[in-house]
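Participant: I have a structure here, written as C-alpha cells, and I will follow up with some questions on it.
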Amino acid sequence: MTVQTLHTPTRLPELDDTQRAQFDRSGFLVLPGFLPNDLVTRVKQEVDTWVDTGLRARSIAAVLDYATHGVPDVLELDLPGHGELLAHEPLLDVVRQLLGPGFGFHHMHSDRHAPDLPGKGWHHDYEQRFPSHRTHTMVHALHYLDGIDPDMAGLAVLPGSHREVAQKTARAHLGTDVLPGEVYLEELPAGSTVLLHSALFHARRAKPQFPGRPRYFVDASYCEAGVLWPPVKPYWREMLQRARRLGIAGPQWPDLFAEHHFSEYTRPE
Ligand SMILES: [Fe+2]
C-alpha cells in the first residue's frame, strides 16, 4: 500500500483530504522529519538523562507501586524539551485535525531502546476499558528522535485494525510475527513522528542480529474530549497540575491539561 506522508518542518501543517482519509481508513500517518532539529537534539539529551540517572526507573516504580514511591520528583514533562515536544504547536495542530478542537493530553513515555531490547508483540493502546466504546478517538504520537535505520527495531502496523472491536491483547499470541497486510516501518529520518490511532494494532519487531545504535523513542498520547478516559498513571492529577503550572501549552489550548477528561485511576488487572 502507499503510505501517505507529511513533510512540513517549518509551517503549521494542514492535512489534505487524502491524508485524513488514510488516517481514517488505515489508522496511521507518517510524518518524516517532522520535528525541528534543535528540539530533537535537546530531547535526545534529556532522554539520556532520563534513562541514565534512574529517573525512568523511578517513574516506572511509582506506577507499579504508588503507595511506596508516591509522585516522582521529576516527570517526563518536567524536562523542558519533553514539555515542548508534548505541546509542539505543529503537532497539536495535526492532532486537532484528527480529534477535533477538544482534546486532552493523556500521557507520555520516554525511553532509549538498547539494540538488544526484545520486541514488543502485537497490541493496541486504546485506553477505554470497554472496547465497544469506540465513539471517541485517541492518538499516540510516536517520536523517533534519531529516526529508524534498517538495522534497528522497526514498527509494524496493521492497517485498518483500529476499526476492530478487540481487546489490547487480542493478537498477543502472534508475538511479533509478520502478518498479512501489515506495513513495516524500518527506515525513517531523524525527527520523524508516526501518528497512530491508539486502537491500531502494532508491534516493535526487534533485530537482535544487529548490535547497532540505540533507538530514541518518546511517545505522547492525546484523547478526544466528550467521554471520560481512564488514566494510566496513578499520579495523573499531579502530572496535569505540573503541566498547567509550567505553562507548557499556550492559551490557545486551555483544555489540554484539564482533569475533566479523566475518570479515576484504577490499577490494571
Ligand atoms: Fe504500543
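Participant: When the chain is modelled as a GNM with alpha-carbon springs shorter than 10 Å, which of Gln19, Gln128, Gln252 fluctuates the most?
Facilitator: Gln252
Participant: Which listed residue (Ser192, Met108, Pro231) has the Cα farthest towards the positive end of the charge dipole for the stretch 36-261, taking +1 on Lys and Arg C-beta and -1 on Asp and Glu C-beta about the Cα centre?
Facilitator: The residue sitting most towards the positive pole is Pro231.
Participant: How many percent of DSSP beta bridges within the chain run antiparallel, rounded to 5?
Facilitator: Values: 37 of 39 bridges.
The antiparallel fraction comes to roughly 95 percent.
Participant: Let me ask something else. Using the charge dipole of the stretch 36-261 (Lys, Arg: +1 at Cβ; Asp, Glu: -1 at Cβ; taken about the Cα centre), state which of Phe217, Ala62, Ala87 has its Cα farthest towards the positive end.
Facilitator: With unit charges placed on the Cβ atoms, the residue in question is Ala62.
Participant: Determine the shape class of the chain: with a ≥ b ≥ c the square roots of the Cα gyration tensor eigenvalues, call it rounded for a/c under 1.5, and otherwise prolate if a/b is greater than b/c, oblate otherwise.
Facilitator: Details: a/c = 1.19, a/b = 1.11, b/c = 1.06.
Judged from the Cα gyration tensor, the chain comes out rounded (a/c under 1.5).
Participant: In a shell of Cβ-Cβ distance under 10 Å around Ser221, excluding Ser221 itself, what net charge do Lys and Arg (+1) and Asp and Glu (-1) give? Present the calculation step by step, with values, prior to reporting the outcome.
Facilitator: Details: positive: none; negative: Asp125, Glu127, Asp219.
So the surrounding residues net to -3.
Participant: Using only helices, what value at 222 nm comes out for the chain when you add -39,500 (n - 2.57) per DSSP H run of length 4 or more and divide by the total residues, to the nearest 500 deg cm²/dmol?
Facilitator: Working: 7 runs with 69 residues, N = 269.
Dividing the helical sum by the residues of the chain leaves -7500 deg cm²/dmol.
Participant: What percentage of the solvent-accessible surface of the stretch 36-261, computed with a 1.4 Å probe over protein heavy atoms, is contributed by carbon and sulfur atoms? All intermediate terms of the calculation are to be shown ahead of the outcome.
Facilitator: Values: 5190 of 9390 Å².
For the stretch 36-261, the apolar C and S fraction of the accessible surface comes to 55 percent.
Participant: Under 15 Å Cα-Cα from Lys207, which aspartates and glutamates qualify once same-chain neighbours fewer than 8 residues away are excluded?
Facilitator: Partners within reach: Asp116, Asp149, Asp151, Asp177, Glu186, Glu187.
Participant: Any idea of the accessible area per residue across the stretch 36-261, 1.4 Å probe, to the nearest Å²? Each step should come with its number before you reach the end.
Facilitator: Details: 9390 Å² over 226 residues.
Each residue of the stretch 36-261 exposes 42 Å² on average to a 1.4 Å probe.
Participant: What does the net charge come to around Leu39 if you take all other residues with beta carbon closer than 14 Å to its beta carbon, with K and R at +1 and D and E at -1?
Facilitator: Details: positive: Arg42, Lys44; negative: Asp38, Glu46, Glu84, Glu89, Asp146.
Within the 14 Å Cβ shell, the charges total -3.
Participant: Let me ask something else about it. Using unit Cβ charges (K, R positive; D, E negative) and no other charged atoms, how large, in debye to the nearest 20, is the dipole of the stretch 36-261 about its Cα centre?
Facilitator: Values: 22 positive and 28 negative charges, 100 e Å.
It works out to roughly 480 debye.
Participant: Placing +1 on the Cβ of each Lys and Arg and -1 on the Cβ of each Asp and Glu in the stretch 117-181, which of Val178, Tyr126, Pro159 has its Cα farthest towards the positive end of the resulting dipole?
Facilitator: With unit charges placed on the Cβ atoms, the residue in question is Tyr126.
Participant: Let me ask something else. Sort out for me the Cα centre separation of the stretch 197-257 from the stretch 8-69, rounded to whole Å.
Facilitator: Using only Cα atoms, the two centres lie 7 Å from each other.
The values are calculated or read from the model by the stated rules, or taken from the named source; none is laboratory data. This is a predicted model, so every value here is computed, not measured. As a convention, Cβ positions derive from the backbone with ideal geometry for all residues, glycine included, and neighbour counts pool all protein chains shown. For the accessible areas, the whole protein counts, side chains as well, though only heavy atoms, and no ligand, DNA or RNA atoms are used. Shrake-Rupley method; radii C 1.70, N 1.55, O 1.52, S 1.80 Å.
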